[in-house]
1. Output yes when any residue across the stretch 44-55 is in a helix (DSSP H, G or I), surrounded by 15 or more Cβ atoms within 10 Å (Cβ to Cβ) and at negative phi, and no when none is.
2. Can you tell me which residues in the stretch 62-83 are part of a loop (DSSP other than H, G, I, E, B) and either of a type in the set (S, T, N, Q) or surrounded by fewer than 18 Cβ atoms within 10 Å (Cβ to Cβ) (or both)?
3. Just to be sure I understand, how many residues within the stretch 31-61 are in contact with a Phe, Trp or Tyr (Cβ under 7 Å, 6 or more places away or on another chain) and β-branched (Val, Ile, Thr)?
4. Could you list, in sequence order, the residues of the stretch 84-97 that are among the small types (Gly, Ala, Ser) and in a loop (DSSP other than H, G, I, E, B)?
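The values are calculated or read from the model by the stated rules, or taken from the named source; none is laboratory data. All of these numbers come straight from a predicted model, not from anything done at the bench. Using ideal geometry, Cβ is built from the backbone for each residue, glycine included, and neighbour counts are taken over all protein chains shown.
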Amino acid sequence: MAEGTGINKVLTSNKEARIDKWLWAARIFKTRSIASQACKKGQVSLRGTQLKPSRMVRVGDVISVRKPPITYSFKILQAIENRVGAKLLPEVLENVTSPEQYELLEMSKISGFVDRARGTGRPTKKERRSLDAFAMEEADVPQFFGDLPIFEFDDDEED
């Protein structure tokens with residue numbers, strides 16, 4: 001394959017790339033607009049400095065991306081602006097996120113709904129069933145057609 005075509009063309013090493021395009025191309029964010037919004041919200045930083053979406057980044061820069069509950073860190077190996085396949089990501093970036101961050105992520109996954117205070121947020125399936133049972137008892141709503149009052153029509157009267 002000739003140089004400059006196909007995959008090699010996509011991964012040609014530019015010296016600089018826009019951060020929002022690089023975040024999208026490196027598959028850190030699903031769309032470029034989401035990457036831009038993350039930059040505007042201050043979730044993307046370089047050496048502690050928050051980046052604007054138009055900021056140019058270089059090969060060797062280590063950027064931090066805050067996606068609660070953790071902050072990911074990536075070293076830029078290639079400054080690309082075109083999206084690449086997932087198999088090519090090791091050539092584009094190096095994940096240098098600290099193990100403590102991954103432990104924090106694991107802890108948040110484990111805790112999940114355990115820390116949810118009773119009565120806050122959306123009810124669980126069990127809570128919903130008990131609420132429905134309580135509401136039915138209080139309202140004395142007829143459960144079957146046999147419990148409905150019978151309505152009789154007067155056929156004898158003529159209008």
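1. So the first thing to find is which residues in the stretch 44-55 are in a helix (DSSP H, G or I), and the list is none.
There is no residue in the stretch 44-55 that is in a helix (DSSP H, G or I), surrounded by 15 or more Cβ atoms within 10 Å (Cβ to Cβ) and at negative phi.
2. Pass one, the stretch 62-83, residues part of a loop (DSSP other than H, G, I, E, B): 68-69, 77-78, 80-83.
Passing the criteria: PRO68, PRO69, LEU77, GLN78, GLU81, ASN82, ARG83.
3. First, pick out the residues of the stretch 31-61 that are in contact with a Phe, Trp or Tyr (Cβ under 7 Å, 6 or more places away or on another chain): 31-32, 35, 38, 57.
With β-branched (Val, Ile, Thr) added as a condition, the list becomes 31, 57.
The total comes to 2.
4. Step one: list which residues in the stretch 84-97 are among the small types (Gly, Ala, Ser), which gives 85-86.
Matches in the stretch 84-97: GLY85 only.
One line per residue, one yes/no per condition, for (1) modelled with pLDDT of 95 or more; (2) outside any helix (DSSP H, G or I); (3) buried (at least 17 other Cβ atoms within 10 Å of the Cβ); (4) β-branched (Val, Ile, Thr):
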{"residue": "GLY4", "(1), (2), (3), (4)": "no, yes, no, no"}
{"residue": "ASN8", "(1), (2), (3), (4)": "no, no, no, no"}
{"residue": "ALA17", "(1), (2), (3), (4)": "no, yes, yes, no"}
{"residue": "GLY42", "(1), (2), (3), (4)": "no, yes, no, no"}
